[in-house]
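Please read the structure below before turning to the comments.
Rule-based calculations on the coordinates, nothing more; no lab input. Predicted model only: the values in this text are computed from it and were never measured. Don't worry about glycine lacking a Cβ; one is built from the backbone with ideal geometry, like all the others, and counts go over all protein chains shown.
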Amino acid sequence: MGIFQRFAMVIKANINALIGRAEDPKKVLEQSLVEMREQLTKTKQDVASAIADEKKLKAQVEREKKQADDWERRAMLAVQEGRDDLAKQALMRHSEHLQNAHQLQETWVRHKADTDSLKSSLRQMNDRIEDMKRKKNVLIARQKRAEAQGRIQATLSSMGDKSAMETFQRMEEKIDDMERQASAAAELAGELTGDSLQEEFQALEYHGSADQQLIELKQKMGVLQAGDSATPQQLTSGGAPGEEAQDAELVDGDEKPQGG
């Protein structure tokens, strides 16, 4: 199984665990990221080992090619010296190293392709973890909003509950009754401690004064200005309006001869 497939299985297992367990999503997401980072670290080690093997194979290929070139030069030297027997042996060594180089080259090419694929998968794994880190913050924010919405709905449901409304109504009636009892107690206390006879006479003195009521009425109608005391003096003389006029004429008559 490939490294990327194992990583996908880890992610799938974490998601299934999140769905299957009644746990705090924030804690589960954070734990999943911890496990994925651990898997990423192991994958990096595997990829680093694969890269090292690839470099080792590449070095072996280069070494075999170099040895093949060296034996080819030796064969040329033997030919120049007239030693065909040594030239043949050198060419045989040249062919062996050249053949090894070709085989190792093929192995290295395949290993190089696998290593490149592992490095690409590692980059994808790292990008996916970074993306999941960002999504984790979004999911946690959504979780908080969902919890707040749930609390709001629970509160609204409790407010709409018939028993809750009955409780509020019962408490309202109880408070109303308490207020009535307190008012009755205050009224009773006033009757027991106050001088009711004096209060009744004070009420009669005010309401029985027609002059004062007339003054207030005229002030209200604008006939009499506030603070004008002429009318009350006339009203309190005790005589009828006609008699007041006659008295005024007599006074004028008595005063005229004196003036003459």
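Based on alpha-carbon centroids, what's the gap between segment 80-98 and segment 37-62 in Å, whole number please?
About 38 Å separates the Cα centre of segment 80-98 from the one of segment 37-62.
Among Ser117, Ser157, rank each residue by its count of other Cβ atoms within 10 Å, from fewest to most, as a rough exposure measure.
Fewest-to-most Cβ neighbours within 10 Å comes out as Ser157, Ser117.
Note down the nm distance, to one decimal, between modelled labels 7 Å out along Cα→Cβ at Asp46 and at Ala189.
For the pair Asp46/Ala189, the computed spacing is 8.7 nm.
For the pairs Lys26/Lys119; Lys66/Lys88; Lys112/Lys133; Lys44/Lys133, note any where the Cα-Cα span goes beyond 29 Å.
Exceeds cut-off: Lys26/Lys119; Lys112/Lys133.
Would you calculate the separation in nanometres between label points at Asn137 and Gln149, each defined as 7 Å from the Cα along the Cα-to-beta-carbon direction?
2.2
Using +1 at the C-beta of Lys and Arg and -1 at the C-beta of Asp and Glu, which of Leu104, Ala141, Gln124 has the Cα lying farthest in the positive direction of the dipole of segment 103-153?
Ala141
Quickly work out the Gln213-to-Gln181 label distance, labels modelled 7 Å from Cα along the C-beta direction, and quote it in nm with one decimal.
With each label placed 7 Å out from Cα toward Cβ, I get 4.2 nm.
Provide the gained length on full extension for the span Lys58 to Asp85, in nm with one decimal, where the gain is 0.36 nm per separating residue minus the Cα-Cα distance.
Once the chain is fully extended between Lys58 and Asp85, it gains 6.4 nm.
Would you grab the residues whose amide H sits under 5 Å from the one on Leu224? Only those 5+ places off in sequence or on another chain, please, with H modelled 1.01 Å from N.
The list, which skips near neighbours in sequence, is Gln219.
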